[in-house]
Amino acid sequence: MNLHEYQGKSILKSYGVAIPMGIVAVSPEAAVEAAKEIQKKSGSNKWAVKAQIHAGGRGKGGGVKIAKSLDEVREYADAILGMMLVTPQTKKEGKLVRKIIIEQNIYYPGPENVEEYYMSILLNRDLGRNMVMYSPRGGMNIEEVAEETPEEIFHEIIDPGVGITGFQCRRIAFNLELTGVAFKQMVKFVDALYKAYIGSDSSMFEINPVIKAADGMVFAADAKVVVDNNALYRHKDIAVMRDITEEDPTEVEASRYDLNFVKLDGNVACMVNGAGLAMATMDMIKMSGGNPANFLDVGGTADAKRVEEAFRIILKDEAVEAILVNIFGGIVRCDRVAQGIVDAYNNIGNINVPIIVRLQGTNAEEGKELIDKSGLKVHSAIQLEEAAKLVNTVLS
């Protein structure tokens, strides 16, 4: 689950990670009041006005501004709120900005006195261990650093049985060429950041930039936090932070029925049980000349009702020209899936796209019999390759 910057920072703060003072606003008037409150408490006479959307690169898209007066706070808030913000990580139409955050200035006394670093924590899947990835060259162009000067990207692999050690925190600070107060602050920062990552059951932290201020203090100037959905039952306080307005409406609807659904840009919809089989099915569609329109795993406990709802969600995509159902009956029974297909046809009506069904495993024969006796115009296949070729045939 993706979090907004202000939400991610609230988690960091609860674990002792230093963040700038910030207040969320949903109107220009509220933004000005927030700036006044921050000025009163921190003495800051400059403020960052930052759009809150689930995408990076906001600065490049005009979603981050530095205000030098309360009038500028109002001006920038009015311009950013309600805008369709386009960044390298959004679709071409961009995302609607509904909230902003007003933050104290941490680039004191000026930008020339501040250093920016990059830091993230994520799972290194090759090693099966968490990793701190960092660079002395943070900021908006970190992707170029990774491509052009990869030697400036450092990695620290964490032993899961020990956690991050003081030695590793010091090595990170050393590689960032810090000394004195800044060195000590960075050691403290990294240790707290890793504890926040583990404590919140997150799958990724990205802090870009990490700021070293003129006085040596270290702050998380930004925060991209992704929490593991499978751990949300342990974090009710984080679960309520979900902002469904930032998510694809179809994916939100699918989640209500415990369907693992991701919308793609192709023309062949998939309905599969099991993530691995779904990936293989998508590969076969691609190899046969089609393009997957979605990833859809109905799960190992799919019943007729869930299959019907899956069909309803698939058919909302006007780009879909064919549907491939690929079910291996292990835990799930093929006859239940077949009944769901029949029910979907009868209840939804006017299904004008061809459906290719491959059923193998538990009660596969019973499932095939259900479909055959239903009178539906469904193409049957036994092998996955055969099913994928049928998709190509019906699209031709």
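Under 6 Å between Cβ atoms, which residue pairs at least 6 apart in sequence (or on different chains) link something in region 65-87 that is among the small types (Gly, Ala, Ser) with a partner that is surrounded by 16 or more Cβ atoms within 10 Å (Cβ to Cβ) and part of a strand (DSSP E or B)?
Cβ pairs passing all conditions: Ala67/Trp47; Ala67/Val49; Ala77/Val49; Ala77/Ile100.
Just the residues that are of a type in the set (A, V, I, L, M, F, W, C) and surrounded by 11 or more Cβ atoms within 10 Å (Cβ to Cβ), please, taken from region 234-256.
Filtering region 234-256 down to residues of a type in the set (A, V, I, L, M, F, W, C) leaves 238-241, 244, 252, 254.
Listed by number, the residues that qualify are Ile238, Ala239, Met241, Ile244, Val252, Ala254.
Can you tell me which of Leu264, Leu259 is in the same structural domain as Ala322 (by TED's automatic domain parsing) and free of Cβ contacts under 8 Å to residues at least 40 places away in the same chain?
On the way: Leu259 fails: free of Cβ contacts under 8 Å to residues at least 40 places away in the same chain.
Just one listed residue meets the conditions, Leu264.
Within region 340-367, which residues are of a type outside the set (Ser, Thr, Tyr), in contact with a strand residue (DSSP E or B) (Cβ under 8 Å, 6 or more places away or on another chain) and over 15 Å from Ala269 (Cβ atoms)?
Within region 340-367, the subset of a type outside the set (Ser, Thr, Tyr) is 340-344, 346-361, 363-367.
Subset that is in contact with a strand residue (DSSP E or B) (Cβ under 8 Å, 6 or more places away or on another chain): 341, 353-361, 363-364, 367.
Of everything in region 340-367, those that are of a type outside the set (Ser, Thr, Tyr), in contact with a strand residue (DSSP E or B) (Cβ under 8 Å, 6 or more places away or on another chain) and over 15 Å from Ala269 (Cβ atoms) turn out to be Leu359, Gln360, Gly361, Asn363, Ala364, Gly367.
Looking at region 83-98, which of its residues are touching a strand residue (DSSP E or B) at 6+ places or on another chain (Cβ under 7 Å) and either assigned to a loop (DSSP other than H, G, I, E, B) or among the β-branched types (Val, Ile, Thr) (or both)? Talk me through it step by step, then tell me what you get.
Our first condition is that a residue be touching a strand residue (DSSP E or B) at 6+ places or on another chain (Cβ under 7 Å); within region 83-98, this holds for 84-85, 93-97.
Scanning region 83-98 gives Glu93, Gly94, Val97.
Counting only residues that are farther than 24 Å from Lys195 by Cα and of a type in the set (A, V, I, L, M, F, W, C), how many does region 1-44 have? Even if it seems obvious, please write down each step before you answer.
First, the residues of region 1-44 that are farther than 24 Å from Lys195 by Cα: 23-44.
Those still in the list that are of a type in the set (A, V, I, L, M, F, W, C) too: 23-26, 30-32, 34-35, 38.
Number of matching residues: 10.
Identify all residues within region 263-293 that are under 21 Å from Cys334 (Cβ atoms), buried (at least 23 other Cβ atoms within 10 Å of the Cβ) and either modelled with pLDDT under 85 or not aliphatic (A, V, I, L, M) (or both); write none if there are none.
Those that are under 21 Å from Cys334 (Cβ atoms), buried (at least 23 other Cβ atoms within 10 Å of the Cβ) and either modelled with pLDDT under 85 or not aliphatic (A, V, I, L, M) (or both): Cys270, Asn273, Thr281.
The values are calculated or read from the model by the stated rules, or taken from the named source; none is laboratory data. Please read all numbers here as calculations on a predicted model, not as lab measurements. Positions of Cβ are backbone-derived with ideal geometry, glycine not excepted, and every protein chain shown enters the neighbour counts.
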